[in-house]
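Student: Input: one structure, supplied below.
The values are calculated or read from the model by the stated rules, or taken from the named source; none is laboratory data. This structure is a prediction, so every number in the text was calculated from the model and none was measured. FYI the Cβ positions are ideal-geometry reconstructions off the backbone, even for glycines, and counts take in every protein chain you see. These accessible areas exclude ligands, DNA and RNA; they are computed on the full protein's heavy atoms, side chains included. Shrake-Rupley method; radii C 1.70, N 1.55, O 1.52, S 1.80 Å.
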Amino acid sequence: MDSLVGERRITYDARGLAEPHAEAPRVAEIDGTVARFDAKDLTTRQINLELRRLLYELGVTDVTIENPGAKHSLGVGILTRCQITFAGSLGYFGCGLVDGPEIHVKGRVGWSACENMMSGVVVIDSNAGSLTAAALRGGDVVVKGRVGARTGIDQKGGTVIVLGDAGSMTGFMMQRGRQIICGDVGPGLGDSMYDGTIYVGGKVKSLGIDCVPGEWTEADTELVERKFRIYGLGTPPELQKFVCGKVLYNYDNLEPSEKKLVL
């Protein structure tokens with residue numbers, strides 16, 4: 001596939017990698033299957049090209065990227081099992097469209113981190129912006145700080161764990177998966193959710209349309225304790241469970257007044 005940027009044509013191979021017209025900077029220090037490089041003076045494109053060169057061309061399985069500098073769109077589209085460590089913060093759209101990697105961000109992330117993630121693990125040591133894990137399909141996203149609004153919007157699978165507070169419209173239009181929010185949650189929790197489960201340890205400002213309290217089961221206890229054990233998060237707090245009330249399952253059967261409320 002080709003694309004024209006200005007007067008320069010860039011060619012991509014079947015894996016989405018840029019062909020020789022745009023080369024990786026080749027700055028990494030490599031020791032067997034482990035590599036690290038300093039991204040301080042590199043552009044977003046150069047960082048991603050170097051990361052892909054290491055993973056896809058050289059067979060490296062453990063990469064540390066120092067000084068990412070909160071640049072946007074880092075670590076996106078990684079479709080292989082590997083370990084990636086960002087020794088610093090990321091900007092918007094970090095770690096999106098990944099399938100398989102285990103990523104550790106030793107800092108904060110901006111909006112839309114882990115968007116459309118298919119599988120793998122992303123652990124964020126600090127806070128995350130709005131739209132974290134948007135359209136998440138699989139894997140685990142662990143945020144050890146707070147998250148912004150609309151976390152897990154249109155979530156289709158996987159698990160989101162937040163140790164701090166979450167903003168408004170958390171779980172909006174959720175379709176599947178789980179969210180474990182240990183802190184307080186803003187207004188509109190689970191608004192228009194279709195399926196899935198949301199656990200909350202703190203106070204809920206208000207529930208969204210068709211989000212209702214659920215009955216706790218042994219399976220809920222097993223899930224929460226297992227996830228906390230896997231990521232070394234200690235003892236989970238006492239949680240409330242929220243699920244879909246299924247009123248919106250049959251939209252055509254709603255009364256006119258109910259349709260007006262939904263719209």
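Student: Among DSSP beta bridges lying fully in segment 23-119, give the percent that are antiparallel, nearest 5.
Tutor: The answer is about 15 percent antiparallel.
Student: Are there GluC sites (Glu not before Pro) in segment 168-251 that DSSP marks as loop and that have at most 14 other Cβ atoms within 10 Å, and which are they?
Tutor: The qualifying sites are Glu215, Glu238.
Student: Among DSSP bridges having both ends in the chain, what percentage is antiparallel? Round to the nearest 5. The partial results should precede the final answer.
Tutor: Numbers: 14 of 54 bridges.
That works out to approximately 25 percent antiparallel.
Student: Still on this structure, I have one more. Efficiency by 1/(1 + (r/R0)^6): what FRET value for Leu233 and Glu29, r their Cβ-Cβ distance, R0 = 35 Å, to the nearest 0.05?
Tutor: 0.60
Student: Between Lys106 and Thr217, what FRET efficiency comes out of the Förster formula 1/(1 + (r/R0)^6) with R0 = 41 Å and r the beta carbon distance, rounded to 0.05? Display every interim value, and only then the final one.
Tutor: Details: r = 36 Å, r/R0 = 0.88.
The formula returns an efficiency of 0.70 here.
Student: Pop out the ³J(HN,Hα) list for segment 40-47 in order, Karplus 6.51 cos²θ - 1.76 cosθ + 1.60 with θ = phi - 60°, rounded to Hz; leave Gly and Pro as x.
Tutor: 4, 9, 9, 7, 4, 4, 5, 4
Student: Can you tell me which of 31-42, 142-153 comes out highest on packing, and rank the rest after it, using the mean Cβ neighbours within 10 Å?
Tutor: The peptides rank, most packed first, as 142-153, 31-42.
Student: Given only helices, namely DSSP H runs of n ≥ 4 each adding -39500 (n - 2.57), what is the per-residue ellipticity at 222 nm of the chain, to the nearest 500 deg cm²/dmol?
Tutor: Mean residue ellipticity, 222 nm, calculated: -3000 deg cm²/dmol.
Student: Okay, moving on. Using Cα extents along the principal axes in Å as the read-out, say which of (i) 54, 34, 34; (ii) 51, 45, 34; (iii) 60, 44, 26 was calculated from these coordinates.
Tutor: (iii)
Student: Using a Förster distance of 30 Å, how high is the FRET efficiency between Glu57 and Met118, based on the Cβ-Cβ distance and rounded to 0.05?
Tutor: Computed FRET efficiency for Glu57 and Met118: 0.85.
Student: Let me ask something else about it. Taking a probe of 1.4 Å, how large is the accessible area per residue of the chain, in Å²?
Tutor: Numbers: 12870 Å² over 263 residues.
Accessible surface, normalised per residue, equals 49 Å².
Student: Of the accessible area of the chain, with the probe set at 1.4 angstrom, what percent is carbon plus sulfur? Before the final figure, lay out the partial values.
Tutor: Values: 6350 of 12870 Å².
On the chain, the fraction of accessible area on carbon and sulfur atoms equals 49 percent.
Student: Shape of segment 74-191 from its Cα gyration tensor (a ≥ b ≥ c, root eigenvalues): rounded if a/c is under 1.5, otherwise prolate when a/b > b/c, or oblate? Could the numbers behind the result be given before it?
Tutor: Numbers: a/c = 1.91, a/b = 1.34, b/c = 1.43.
Note, shape of segment 74-191 comes out oblate.
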